[in-house]
Each structure stands twice: as structure tokens, then as C-alpha cells.
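Asks: First, the structure itself, so that you have it in front of you.
The values are calculated or read from the model by the stated rules, or taken from the named source; none is laboratory data. Small disclaimer: the values here were computed from a predicted structure and weren't measured. Neighbour counts run over all protein chains shown; Cβ positions are idealised from the backbone, glycine included.
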């Protein structure tokens with residue numbers, strides 16, 4: 001009797017999970033708009049399904065991947081947007097990646113009128129949070145747990161730790177998450193940002209009382225995580 005072929009995990013699972021730290025509709029909007037443009041359709045498919053291409057793409061964007069992380073999704077769209085989704089899960093026989101307990105989503109956005117206001121929010125806390133939503137990051141003031149900046153190997157990074165969802169947008173079953181939105185302080189007008197997400201270790205604990213030790217919002221852990229990455233190319 002012929003055995004059934006192993007079930008192939010849809011690569012869109014990883015896209016949706018990566019969008020958990022972002023506005024889901026913003027992510028899907030970018031994908032759907034560009035998914036029908038010429039040769040880039042094939043490039044998009046390779047960046048979703050081919051583990052070798054996924055890893056190569058992610059390294060081009062980030063320099064190196066953090067230890068223990070695999071690229072679940074990575075592709076570039078006409079030089080306008082770069083997206084990479086990394087997770088600390090295991091590789092699967094079908095070429096996919098088992099989603100781990102932490103997910104990092106990186107994106108580079110072309111120069112636009114919102115980028116400077118988005119950067120200002122990370123650097124100083126000033127600006128309308130609506131500009132962040134337009135760039136794909138959803139943060140509510142009441143959800144902010146901590147903010148600060150780090151310098152790792154001479155590279156400056158700003159971060160905002162906040163509570164949100166860990167998982168697929170607002171869909172049923174999504175869990176409370178502790179997320180860290182990152183701004184890589186690169187020269188130029190492009191936006192290099194990311195969200196490192198995990199499940200909230202204590203959803204009922206008030207933000208001021210939350211123990212961040214060992215979490216994505218622990219500065220020592222965060223510094224170790226970003227150390228291999230150099231999206232600024234310097």
C-alpha cells in the first residue's frame with residue numbers, strides 16, 4: 001500500500017506568525033500587492049519555501065542570524081521592502097520550520113514621509129503613535145512596559161517593550177505576548193526595524209511589577225540577540 005506523502009506546512013503560517021508583532025493587515029497588504037508582479041512572484045515563493053534561499057536572503061538583510069534561530073520567511077520586493085521572519089524552532093523534513101517560543105520579524109522600508117516620525121518615537125517618545133501603525137507596528141501607550149537604547153559593537157539600537165499578541169494577529173487562539181519593537185539606528189532615510197516576540201510570562205502582572213529577567217525585554221538578553229545582526233551594513 002502506497003504511503004501518503006508527508007503533509008506540507010503552508011509557508012503562510014510563518015508569514016502570519018511573523019506578523020503577530022505587526023499589524024496583520026499591513027503585512028498582508030504588502031504581500032498581496034506585490035505577489036503578482038512578474039519574476040518577483042518566483043522570488044517570493046523561493047523566499048517562503050526554499051530553506052537555502054531563505055537563509056541566504058536573511059543573511060543579506062541582517063548580516064548574520066542569532067545563534068539558534070532559523071529563517072522561516074525572507075524575501076525582498078523590488079527594493080521597496082525587505083522582510084525576514086526568524087524563529088528558534090527546529091527545521092522540518094518538508095523544508096519548513098517548526099515555530100519556536102520566540103519569533104523575530106525584521107523589515108526594511110523604503111524612504112517615505114512616515115519614517116522620520118517613526119524614528120522620533122523610538123528615539124525620544126515623541127510623535128503620534130498613528131505613524132507607527134502606518135509603518136506596520138502597533139503599540140498602545142498603556143501597553144508599554146519599558147523603553148531604552150543599547151550600543152552593541154558600536155551600533156546603536158532603540159527599543160520599546162510592550163504587551164500585545166503573540167501569534168496570528170487578532171485571530172482566535174492568539175496568546176498574550178511580550179514584544180520588543182526595535183529601531184536599528186542606520187544612516188539614511190530608510191527604516192530598519194523589527195519585533196522580537198515571546199509569550200507573556202505573566203499576563204496578569206502589572207507592567208511595573210513584571211520580572212523581565214531572561215525575557216526579550218531583558219537588556220542583557222537583547223544585546224546578545226542583536227549582536228550578530230548588522231542590517232546597517234557597517
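Asks: Can you spot a residue in region 213-222 that is buried (at least 16 other Cβ atoms within 10 Å of the Cβ) and in a strand (DSSP E or B)?
Replies: Within region 213-222, none of the residues are buried (at least 16 other Cβ atoms within 10 Å of the Cβ) and in a strand (DSSP E or B).
Asks: Out of the residues in region 92-106 that are assigned to a strand (DSSP E or B) and at pLDDT 85 or above, which is nearest to residue 187 (Cα to Cα)? Before you say what the answer is, go through the steps one by one.
Replies: First, the residues of region 92-106 that are assigned to a strand (DSSP E or B): 97, 102-106.
Filter once more, keeping what is at pLDDT 85 or above: 102-106.
Working: 102: 28, 103: 26, 104: 22, 105: 21, 106: 17 Å.
That would be 106.
Asks: Within region 174-189, identify whether any single residue is outside any strand (DSSP E or B), on the phi > 0 side of the Ramachandran plot, modelled with pLDDT of 90 or more and out of contact with any strand residue (DSSP E or B) (no Cβ under 8 Å at 6 or more places or on another chain), and answer yes or no. Reasoning before the result, please.
Replies: First, the residues of region 174-189 that are outside any strand (DSSP E or B): 174, 185-189.
With on the phi > 0 side of the Ramachandran plot added as a condition, the list becomes 188.
Checking which are modelled with pLDDT of 90 or more leaves us with 188.
When the remaining residues are screened for being out of contact with any strand residue (DSSP E or B) (no Cβ under 8 Å at 6 or more places or on another chain), the result is 188.
Scanning region 174-189 turns up at least one residue that is outside any strand (DSSP E or B), on the phi > 0 side of the Ramachandran plot, modelled with pLDDT of 90 or more and out of contact with any strand residue (DSSP E or B) (no Cβ under 8 Å at 6 or more places or on another chain).
Asks: Checking residue 151 against (1) more than 19 Å from the chain's Cα centre (by Cα); (2) in a strand (DSSP E or B); (3) modelled with pLDDT under 90, only one condition comes out false. Which one?
Replies: (3)
Asks: Tell me, which residue of region 109-122 that is farther than 21 Å from residue 61 by Cβ and surrounded by fewer than 16 Cβ atoms within 10 Å (Cβ to Cβ) is modelled with the highest pLDDT? Before you say what the answer is, go through the steps one by one.
Replies: As a first pass, look at region 109-122 and keep what is farther than 21 Å from residue 61 by Cβ: 113, 116-117, 120-121.
Of the ones still in play, those that are also surrounded by fewer than 16 Cβ atoms within 10 Å (Cβ to Cβ) are 113, 116, 120.
Values: 113: 79, 116: 85, 120: 88.
Per the stated criteria, the residue is 120.
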